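Remarks on the structure that follows.
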Amino acid sequence: MLVEKNKEYKVNIIDNGYEGEGIAKIEDFTIFIKGAIKGETCKIVITKVNKSFAFGKLLEVIQASESRTEPDCATYKRCGGCSLRHIKYEETLKIKKDMVQNLINKGLENKITVNDVIGMETPYNYRNKLQYPVGANKEGKPVMGVFANRTHEIIPIQECLIQNKEAEKVAKEIFNFIKENHISIYNEATRKGAIRHIIVKIGVRTNEIMCIIVTNEENIKCETELVKHITQKYENVKTIIKNINDKNTNVILGEKDVILYGDGFIYDKLGKYTFKISAKSFYQTNPIQTEVLYQKAIDYAKLDKNDILCDLYCGIGTIGIFASNKVKKVYGIEIVEEAVETAKENAKINNVDNIEFIAGDVEKAFKELVEEKNVKPTAIIVDPPRRGLDETTINKILELGVEKLVYVSCNPATMVRDIRMMEANYEVKEIQPVDMFPFTSHVEVCALLELKNCQ
């Protein structure tokens, strides 16, 4: 083997990978090094060797990149929430653009040049939802924070630079009440104890706050007092929900919700529209950049008043409602029934009457909409989960030959895979990445596809 485990090497970093990690070569053998930046010379130690690549640990930066900066977070090296805080923000946008471009170059026949990533003017405190696990430290004392990268050890967080400041204050207040009143903490090993997670959602435009206390037990000690304490201290807390999750699982939320205060919802605004948010409904985590992304998707689609738009994977109806005033009719399809019910309410709240939401698996429901209900869409916007589109939906889109097709994606790799399956019929005209999650390796992408020979 050219590369040996536990051996130290001096390497030149030739690129950054899909998660922002540095990439080096030792006689064409690829090494991935977390924390290294393209252009640097580093001293590393090999931690794992596979057949065609290895992983290394950064020991020393011998020659630093001009893009390197001192991380501004005390727990950055151990927390898995951010992976790019050691890189200047403008450079992280270039890394994300290169990542998308590399996927295009490898996966598509049309090697279209990706647009520069649209970043944030102030890339801090952008998350409207925090979810902190609660547990015990090595001394057995209660602790709240985030899981250390690739472990279930909880790192206490004093300040998280991507979380909303007000939401973080509320979470800490709940946790302090739990500690002071000796409310039991869940133990993963014994599966005993009450409090598992504290979740806080905030409407960034409305400042309305929802608190969700995830518990292993039906009853929480001092439950009434907790509600009174939080609502008196923070008048913008509009609802408090107890979510019961007594299963041995990594899934955070259980099936049963008990409303302790308020009506179980908060509201937020995207553009001129108001959206109702429940405990389990998906709502984009960065509403500022969500507006940018959705506006780009609608601009790409070049919608007009004669269009019938299908919004596939519509969630709580955000894209469809955003586009509703530009088209004749919108059909939104979503598998999560609660999200569909919320979408219907969102349409009523915004006085949108030309939209219809359907609960079902897109693979089946879209096919039924077209074949059985004889709906003929003239425009389609898809915003699938990370796994991308299924083959049935792709084939139905190809069969319909819709001229206006826009693909919104949280996973550029699956987006490229799906577009490759449509390239015989559609040409990619433009790809716009949007930095929805600054200082992480994630990037959202909006792609415009044009039907070939459509003129």
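The values are calculated or read from the model by the stated rules, or taken from the named source; none is laboratory data. Quantities reported herein were computed from a predicted structural model and do not represent experimental measurements. Positions of Cβ are backbone-derived with ideal geometry, glycine not excepted, and every protein chain shown enters the neighbour counts. Protein only, heavy atoms only, side chains kept; ligands, DNA and RNA dropped before computing areas. Shrake-Rupley method; radii C 1.70, N 1.55, O 1.52, S 1.80 Å.
Observations on the model:
- Taking the criterion of being modelled with pLDDT of 95 or more and buried (at least 18 other Cβ atoms within 10 Å of the Cβ), the residues of region 62-83 that qualify are Ser65, Ser67.
- Any chance Glu8 is under 27 Å from Cys160 (Cβ atoms), open to solvent by 20 Å² or more (accessible area, probe 1.4 Å) and touching a residue at least 24 places away in the same chain (Cβ under 8 Å): no
- Residue match in region 402-418 (condition: closer than 25 Å to Glu368 by Cβ, modelled with pLDDT under 95 and outside any loop (DSSP other than H, G, I, E, B)): yes
- Taking the numbered list (1) closer than 23 Å to Phe439 by Cβ; (2) more than 26 Å from the chain's Cα centre (by Cα) in turn, Lys34 passes all entries but (2).
- Cross-chain or 6+ apart pairs with Cβ under 6 Å, region 382-401 first and over 11 Å from Asp418 (Cα atoms) and at pLDDT 90 or above, then open to solvent by 10 Å² or more (accessible area, probe 1.4 Å) and of a type in the set (Asp, Glu): Thr392/Glu363
- Residues being more than 24 Å from Tyr300 (Cα to Cα), more than 22 Å from the chain's Cα centre (by Cα) and in contact (Cβ under 8 Å) with a residue 40 or more places away in the chain - total across region 341-368: 2
- Identity of the residue in region 228-270, touching a helix residue (DSSP H, G or I) at 6+ places or on another chain (Cβ under 8 Å) and in a helix (DSSP H, G or I), that ends up surrounded by the most Cβ atoms within 10 Å (Cβ to Cβ): Ile230
- Of the residues making up region 196-212, those that are hydrophobic (A, V, I, L, M, F, W, C), in contact with an Asp or Glu (Cβ under 9 Å, 6 or more places away or on another chain) and open to solvent by less than 10 Å² (accessible area, probe 1.4 Å) are Val200, Ile202, Ile209, Ile212.
- Meets criteria (among the aromatic types (Phe, Trp, Tyr) and within 24 Å of Pro412 (Cβ to Cβ)) for Phe29: no
- Count - residues of region 348-381 that are modelled with pLDDT of 95 or more and open to solvent by less than 10 Å² (accessible area, probe 1.4 Å): 3
Quick grid of which residues meet (1) part of a helix (DSSP H, G or I); (2) modelled with pLDDT of 95 or more; (3) open to solvent by 10 Å² or more (accessible area, probe 1.4 Å):
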| position | (1), (2), (3) |
| --- | --- |
| Thr285 | no, no, yes |
| Val292 | yes, yes, yes |
| Ala297 | yes, yes, no |
| Asn306 | no, yes, yes |
| Asp311 | no, yes, no |
| Cys314 | no, no, no |
| Ser324 | yes, yes, no |
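- Region 17-32 residues that are assigned to a loop (DSSP other than H, G, I, E, B), paired with ones that are of a type in the set (Lys, Arg) and open to solvent by 100 Å² or more (accessible area, probe 1.4 Å) (beta carbon under 9 Å, 6 or more apart): Glu19/Lys34; Gly20/Lys34; Glu21/Lys34
- Residues in region 211-236 that are under 15 Å from Asn176 (Cβ atoms) and acidic (Asp, Glu): Glu225 alone.
- Counting the residues of region 51-60 that are open to solvent by less than 50 Å² (accessible area, probe 1.4 Å) and either closer than 30 Å to Leu161 by Cα or not in a strand (DSSP E or B) (or both) gives 2.
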